[in-house]
Structure formats: C-alpha cells, structure tokens
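The values are calculated or read from the model by the stated rules, or taken from the named source; none is laboratory data. Computed from a predicted model, the values in this text were never measured in an experiment. Note: ideal-geometry Cβ built from the backbone for every residue, glycine included; neighbour counts use all protein chains shown. Only protein heavy atoms, including side chains, enter the accessible area calculation; ligands, DNA and RNA are left aside. Shrake-Rupley method; radii C 1.70, N 1.55, O 1.52, S 1.80 Å.
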Amino acid sequence: VEFFAQLKAELLTRLAASRIAAPRILDFGCGVGNLARAIAERWPTAHVVGCDTSPESIAHARRLRGSALAAPSFVDFRGDRVPFADRTFDIVCASCVFHHIERDEHAQWVRELRRVLKPGGLLVLFEHNPYNPLTRRAVRACPFDEGVTLLAPRYAASLLDDGAFAAVETRFYFFFPAMLSALRPFESWLQWCPLGAQYLVLGVRDGQSARIGSAR
C-alpha cells in the first residue's frame, strides 16, 4: 500500500509540479489517507485535502496525519456532492475509487469533480488495469474489491471526454514487480503500453490552455 501511494505521489508531482508551485489538491475517496500523506510529504508547498464517505476511514486518517505543517486535512461527507465550493482546487485525484462507484453514477461524479476544479485545473484518475492478468488476480484476492468491475482504460478516458475535459490522456505504469524493481527507471518509456498493472487518465478543465507535464 505504501509503495503504491508513493509511486502515485511521484507520478502526480512529475505531471503537475510545473503547473503551479503551491497547489490546492483534493484526494477524492482518500480512505485512510495514504496517498494524501504521500503527496504532502513529496510536495510540501501543496495544501492537500482528503475526503471520503467513510467516517471511520477519515477518523483513522486524522490519527495518522501527524503534526507537520504540510500534513493533509481530512473531511467526511454524505450525499452526491463533495463539501467544497466551486473552483476550489488546482488538482483533483481519485486513486482506484471509480471501480467502487456504481457505473451509472460515474458521469455525475466526474461532473462533481470538475465543479470543484479551477479553470485549467487537472483531474487524475488512477485505476487498476483489467488487461493485466496479475492485476486481475490481485483484485480477486482482495476482500475490499469483492464484486467490483474494473474500468477499461478507454472507458475511463471517455468519462473525462464526455465530462468536458480537455487534453485527455491515458498513461500506463507499474510494469515491473518487486523482483525486477531495478528496471523501474525504464517505466517512463513504457507509459504508452497498455500492459502496466495500473494506469492513470488525466484531463484539464477548460478555461485556459492545457499544459500537462511529462511523466519522465
């Protein structure tokens, strides 16, 4: 869990650090806050907020957040709206969240995340890649993922396309397991290949020219 949180924080920083020095970042569906903490540690000038519908998870995240100035804050919520005003955040990320949401609610939540993004803000969806056999095996073995349907990369990209995001891109990552970790520096050259264990889809809210950094 810690490895994946650090990996996603690294990817997000590479993609977005050139866009703004001190961004407001929302981790939607943050759970116990692993990714939010990793982002805050890696990007200390950022203001990171995590939100989740589970009050138990948020309570645990608050216990783990620490006392550092860059520590994220956490909010629980109910209903079909996140508890933030329009155009609050520069970046919104959702880490392996959408495959836990009913499919007929996906478009509504993409619109909601767009609502809280500033013009030119970046939405990043991290998801398991159903085309990777080891990923499918890991998901089947995880009780938390029981009964879920993984999102095909093309479908996830279509959610952002249909949600009026610009410059939508899909990038794949985590090609090498622990035994081949020495090869991970080469992963940035494979982000086009649809066999990575996970992928990310990113898009820019309209309002200014799209500019997304390199993952290398």
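Table for the structure above
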{"read-out": "Region 154-173, subset within 14 Å of the chain's Cα centre (by Cα) and not basic (Lys, Arg), residue nearest to ARG114 (Cα to Cα)", "value": "LEU160"}
{"read-out": "Those residues of region 160-216 which are of a type in the set (A, V, I, L, M), more than 30 Å from THR88 (Cα to Cα) and at pLDDT 80 or above, in sequence order", "value": "LEU190, LEU195, ALA197"}
{"read-out": "Failed criterion for THR149 (all others in (1) open to solvent by less than 60 Å² (accessible area, probe 1.4 Å); (2) of a type outside the set (A, V, I, L, M, F, W, C); (3) touching a helix residue (DSSP H, G or I) at 6+ places or on another chain (Cβ under 7 Å) hold)", "value": "(1)"}
{"read-out": "Within region 30-45, considering residues that are assigned to a helix (DSSP H, G or I) and open to solvent by 70 Å² or more (accessible area, probe 1.4 Å), the one farthest from ALA17 (Cα to Cα)", "value": "GLU41"}
{"read-out": "Neighbours by Cβ (under 7 Å, 6+ apart or cross-chain): first from region 44-62, over 16 Å from ALA5 (Cβ atoms); second surrounded by fewer than 15 Cβ atoms within 10 Å (Cβ to Cβ) and among the aliphatic types (A, V, I, L, M)", "value": "THR45/ALA21; THR45/ALA22"}
{"read-out": "Qualifying residue in region 117-129 (condition: without any contact (Cβ under 8 Å) to a residue 60 or more places away in the chain and either open to solvent by 30 Å² or more (accessible area, probe 1.4 Å) or closer than 19 Å to LEU7 by Cβ (or both))", "value": "no"}
{"read-out": "Test: residue in region 10-29 that is open to solvent by 10 Å² or more (accessible area, probe 1.4 Å), more than 17 Å from LEU202 (Cα to Cα), under 15 Å from the mean Cα position of the chain (by Cα) and not basic (Lys, Arg)", "value": "no"}
{"read-out": "Contacts under 6 angstrom Cβ, first residue in region 16-29 being within 17 Å of ARG114 (Cβ to Cβ), partner part of a loop (DSSP other than H, G, I, E, B), 6 or more apart", "value": "PRO23/ALA46; ILE25/ALA46; GLY29/VAL97"}
{"read-out": "Selected residue (criterion: most open to solvent (accessible area, probe 1.4 Å)) from residues of region 59-99 that are of a type in the set (Val, Ile, Thr) and touching a Cys at 6+ places or on another chain (Cβ under 8 Å)", "value": "VAL75"}
{"read-out": "Residue list for region 2-20, filter: more than 16 Å from GLY50 (Cα to Cα), charged (D, E, K, R) and at pLDDT 85 or above", "value": "GLU10, ARG14"}
{"read-out": "Region 160-192: number of residues that are surrounded by fewer than 15 Cβ atoms within 10 Å (Cβ to Cβ) and more than 30 Å from ALA107 (Cα to Cα)", "value": "10"}
{"read-out": "Some residue of region 145-152 being under 16 Å from the mean Cα position of the chain (by Cα) and under 26 Å from ARG19 (Cα atoms)", "value": "no"}
